[in-house]
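Trainee: Dropping a structure here in structure tokens format, bear with me for questions.
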């Protein structure tokens with residue numbers, strides 16, 4: 001698959017006029033689930049703009065049919081960019097709202113999602129995050145909050161992938177030396193592509209619609225988040241399910257990720273982030289308040305589902321840079 005490309009609070013009064021006892025200052029109590037709505041809205045609008053801008057380039061590449069057709073570069077391409085920006089924000093938003101809603105269910109203080117714009121690379125965004133402000137009460141709560149995000153995002157990205165592949169066209173492959181980027185194809189993508197279009201004739205490949213790129217980025221984000229490391233979603237699930245065994249698994253995951261940088265340079269950022277987290281926070285996971293609550297069989301099955309999602313969304317070479325200019 002290729003592409004030429006300030007929180008409010010309240011406090012009770014500590015002083016009673018009927019009492020002659022000295023009064024003491026009581027720190028104000030933060031109300032839970034408070035968010036600076038203006039900041040969330042601003043970041044969302046900025047991310048919508050950055051992903052639409054990137055999506056416009058993706059739409060132009062799709063319309064050009066690997067450079068075989070001339071595409072007018074004008075402001076109308078931004079409308080085409082919405083084919084990418086809206087699905088990718090829906091996938092990322094569903095993922096983070098999965099975390100947030102389960103925080104609400106367990107009364108764990110958290111913020112609404114922060115979307116992170118990044119207009120200068122192929123994705124247009126660094127994803128989205130929520131901030132959890134207090135420890136998890138039980139291992140079950142930790143597990144549920146950790147796995148709710150990937151499942152919610154996966155539920156949205158799968159139909160988006162089907163829609164995107166259906167909107168894409170099967171076309172003659174571009175010259176090998178004329179392609180700017182080559183994108184890895186996760187198992188899930190391969191299965192959906194085959195289900196929609198069947199086997200391709202020799203020398204043909206998918207000219208991917210921008211909705212495919214939104215789903216592809218969602219698969220990449222899902223796979224990276226489910227790696228069983230530290231405080232990633234996969235680290236939450238691993239710690240809740242395996243307890244103390246999660247620490248050596250985190251270390252193995254770091255070694256694996258560093259090793260993957262020798263397979264593809266696109267792993268360098270993830271490896272650097274993991275090494276920084278390892279140095280700052282260590283391989284262990286913060287304990288839940290109730291460490292002795294076992295997981296039931298249903299949650300253990302969900303842990304296996306998380307593993308399936310990781311495997312089907314994973315690709316060893318996410319992005320490969322290739323020549324942008326044909327050889328003379």
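The values are calculated or read from the model by the stated rules, or taken from the named source; none is laboratory data. Just so it is clear, the model here is predicted, and its values are computed rather than measured. Glycine gets a Cβ as well: all are built from the backbone with ideal geometry, and neighbour counts include every protein chain shown.
Trainee: Those residues that are over 16 Å from the mean Cα position of the chain (by Cα) and either surrounded by 13 or more Cβ atoms within 10 Å (Cβ to Cβ) or assigned to a helix (DSSP H, G or I) (or both), I need them from the range 290-306; list them, please.
Mentor: Our first condition is that a residue be over 16 Å from the mean Cα position of the chain (by Cα); within the range 290-306, this holds for 290-305.
Residues satisfying the conditions are 290, 293, 295, 297, 298, 299, 300, 301, 302, 303, 304, 305.
Trainee: Right, residue 240: in contact with a helix residue (DSSP H, G or I) (Cβ under 8 Å, 6 or more places away or on another chain), crowded, with 24+ Cβ neighbours inside 10 Å, at pLDDT 95 or above and on the phi < 0 side of the Ramachandran plot or not? Break it down into steps so the answer makes sense when it comes.
Mentor: Working: in contact with a helix residue (DSSP H, G or I) (Cβ under 8 Å, 6 or more places away or on another chain): yes; crowded, with 24+ Cβ neighbours inside 10 Å: yes; at pLDDT 95 or above: no; on the phi < 0 side of the Ramachandran plot: yes.
Against the criterion (in contact with a helix residue (DSSP H, G or I) (Cβ under 8 Å, 6 or more places away or on another chain), crowded, with 24+ Cβ neighbours inside 10 Å, at pLDDT 95 or above and on the phi < 0 side of the Ramachandran plot), residue 240 does not qualify.
Trainee: From the list 170, 258, 254, exactly one residue is within 30 Å of residue 59 (Cα to Cα) and not in a loop (DSSP other than H, G, I, E, B). Which is it?
Mentor: Details: 258 fails: within 30 Å of residue 59 (Cα to Cα); 254 fails: within 30 Å of residue 59 (Cα to Cα).
Exactly one residue qualifies, and that residue is 170.
Trainee: Would you mind stating whether residue 270 is modelled with pLDDT of 90 or more, crowded, with 17+ Cβ neighbours inside 10 Å and part of a helix (DSSP H, G or I)? Walk me through how you get there before you give the answer.
Mentor: On the way: modelled with pLDDT of 90 or more: yes; crowded, with 17+ Cβ neighbours inside 10 Å: yes; part of a helix (DSSP H, G or I): yes.
The answer is yes for residue 270.
Trainee: Is there a residue in the range 123-133 that is buried (at least 18 other Cβ atoms within 10 Å of the Cβ) and out of contact with any strand residue (DSSP E or B) (no Cβ under 9 Å at 6 or more places or on another chain)? Lay out the reasoning, then the answer.
Mentor: Start the filter on the range 123-133 by keeping residues that are buried (at least 18 other Cβ atoms within 10 Å of the Cβ), which leaves 123-125, 127-128, 130.
Next, only the ones that are out of contact with any strand residue (DSSP E or B) (no Cβ under 9 Å at 6 or more places or on another chain) stay: 123.
Looking for residues that are buried (at least 18 other Cβ atoms within 10 Å of the Cβ) and out of contact with any strand residue (DSSP E or B) (no Cβ under 9 Å at 6 or more places or on another chain), one finds at least one in the range 123-133, hence yes.
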